[in-house]
């Protein structure tokens, strides 16, 4: 979830998350490719590494390129969001420098790692989010928004549930000041390493391991958990958090984006959450749509949803 402001009196508690836009950022083919999906799994190539991983959105779907599934580097077995194992073990196949590189006006790199959760430290479907963030940070002054009059100061962005830093680095590379919030300290450390890896270590970024709600209520929680370790549930906890963020940005809001990978939450639902929490029933509705990964033949794999403002 991403929020940004440019006013002097807006505390460095703004809210940012993952931002999505309408223009695809050109990424070198060698960096990432969705090769196929089906039978509850997806086949992806990160550089020279080909991975076979679980994918809920691929259940009940047939593979279209079965010949590719025999030539993999590794396969992950285990729950989609729990502890599992890679076969063969990661230490036998991870390259010395394995990374995801985003090109464009605000380039950065994310180090990849085969994690026990089955993740690798990057969500490629967020590429357009990162492009949209950089465009929002860099867009020229507009007279009809009060905060535009103060563009001599860098835009301030708050990135909540910030993970390994893709949105943070997109904003920082484009010239914003950023507050990066994630509840897990080792994830925050990994994001900070990605900033150094991208040549952005000296940019004005605050790295904070804390609960998102607690941070927004006072100064900066745990990704997916509350202060006492209780699970964070999107259907009950998202709206109150958005309401707090709406209060923080009420007079000087520059842009907002929320992305979601939770089953059962579609573009209409996420747009309704954002409208009610941030803008109220009379406010301008945000733009909302689906996130997807696309194969070279145009076949698309659903990968979540987003809602953003302005269009």
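The values are calculated or read from the model by the stated rules, or taken from the named source; none is laboratory data. This is a predicted model, so every value here is computed, not measured. Glycine gets a Cβ as well: all are built from the backbone with ideal geometry, and neighbour counts include every protein chain shown.
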Residues of segment 200-219 that turn out to be in contact with a helix residue (DSSP H, G or I) (Cβ under 7 Å, 6 or more places away or on another chain), assigned to a loop (DSSP other than H, G, I, E, B) and over 21 Å from residue 109 (Cβ atoms), as a count: 0
Subset of segment 248-265 that is over 17 Å from the mean Cα position of the chain (by Cα) and on the phi < 0 side of the Ramachandran plot - its residue that is surrounded by the fewest Cβ atoms within 10 Å (Cβ to Cβ): 250
Residue list for segment 81-120, restricted to those being in contact with a strand residue (DSSP E or B) (Cβ under 6 Å, 6 or more places away or on another chain) and under 30 Å from residue 287 (Cα atoms): 100, 101, 102, 108, 109, 110
Qualifying residue in segment 33-53 (condition: part of a loop (DSSP other than H, G, I, E, B), closer than 18 Å to residue 295 by Cα and modelled with pLDDT under 50): no
Residue within segment 164-172 that is out of contact with any helix residue (DSSP H, G or I) (no Cβ under 8 Å at 6 or more places or on another chain), surrounded by 14 or more Cβ atoms within 10 Å (Cβ to Cβ), at pLDDT 95 or above and not in a loop (DSSP other than H, G, I, E, B) present: no
Positions within segment 174-187 being touching a strand residue (DSSP E or B) at 6+ places or on another chain (Cβ under 7 Å) and surrounded by fewer than 23 Cβ atoms within 10 Å (Cβ to Cβ), in sequence order: 177, 184, 185
Among the candidates 178, 120, residue that is farther than 30 Å from residue 50 by Cβ and at pLDDT 90 or above: 178
Residues of segment 174-199 satisfying the condition of being in contact with a helix residue (DSSP H, G or I) (Cβ under 7 Å, 6 or more places away or on another chain), within 22 Å of residue 213 (Cβ to Cβ) and in a helix (DSSP H, G or I): 191
Meets criteria (surrounded by 13 or more Cβ atoms within 10 Å (Cβ to Cβ) and either closer than 18 Å to residue 159 by Cβ or modelled with pLDDT of 65 or more (or both)) for residue 284: no
Yes/no for residue 297 being at pLDDT 90 or above, surrounded by fewer than 14 Cβ atoms within 10 Å (Cβ to Cβ) and farther than 18 Å from residue 179 by Cα: yes
Cβ pairs under 7 Å, 6+ apart, first in segment 37-54 and farther than 18 Å from residue 296 by Cα, second surrounded by fewer than 18 Cβ atoms within 10 Å (Cβ to Cβ): 39/63; 40/59; 54/40; 54/80
Any hit, segment 58-68, residues being at pLDDT 95 or above, loosely packed, with under 13 Cβ neighbours inside 10 Å and not in a loop (DSSP other than H, G, I, E, B): yes
